[in-house]
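Enquirer: I'd like to ask some things about the structure below.
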Amino acid sequence: MAIWPGEAKLTAPVFCSAPATEPMVVSDTFHDSEGTSTNYTLYCVGDHGILTNEGFALPMLVMLTAHVVIVTSLVLLAKFINTGTVRDRPVQGRFQSDPNLPVRTEDYFEH
């Protein structure tokens, strides 16, 4: 399961409030002694330059939770559908085997 940084825009109704309601995800790439790193931040932008920094941890936590709920729902739905179609019942009628029939080893091995 992967979370795309642009998905943070979907959390705007949760984190962005009036007057700054337009979500914008900004990536900041920098180089240090350990290599290249990229940080993503959700900003809420409004008219006349109003800007709020909502960070990235909470929007990503919300998106991770949404992904877990969706995947869990799909797995449970698939399990429910599969349980409804496959029955583990004994066969009834003329095809039911008789437990008193003798079984020989020749029945299991080819000659």
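Values in this text are rule-based calculations from the coordinates and carry no lab data. In this text the structure is predicted, and so the values were computed from the model without any measurement. A quick note on method: Cβ atoms are made from the backbone with ideal geometry, for glycine too, and the neighbour counts reach across all protein chains shown.
Enquirer: Can you pull out every residue in the range 45-66 that is more than 14 Å from Val25 (Cβ to Cβ), surrounded by 14 or more Cβ atoms within 10 Å (Cβ to Cβ) and not hydrophobic (A, V, I, L, M, F, W, C)?
Expert: Passing the criteria: only Gly46.
Enquirer: Would you call Thr29 in contact with a Gly (Cβ under 8 Å, 6 or more places away or on another chain) and in a strand (DSSP E or B)?
Expert: Answer is no for this residue.
This table checks each residue for (1) in contact with a Leu (Cβ under 8 Å, 6 or more places away or on another chain); (2) of a type outside the set (A, V, I, L, M, F, W, C).
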{"position": "Trp4", "(1), (2)": "no, no"}
{"position": "Ala20", "(1), (2)": "yes, no"}
{"position": "Phe30", "(1), (2)": "no, no"}
{"position": "Gly35", "(1), (2)": "no, yes"}
{"position": "Leu42", "(1), (2)": "no, no"}
{"position": "Gly46", "(1), (2)": "no, yes"}
{"position": "Gly55", "(1), (2)": "yes, yes"}
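Enquirer: Can you tell me which residues in the range 1-44 are β-branched (Val, Ile, Thr) and surrounded by 11 or more Cβ atoms within 10 Å (Cβ to Cβ)?
Expert: Selection gives Ile3, Thr11, Val14, Thr21, Val25, Val26, Thr41.
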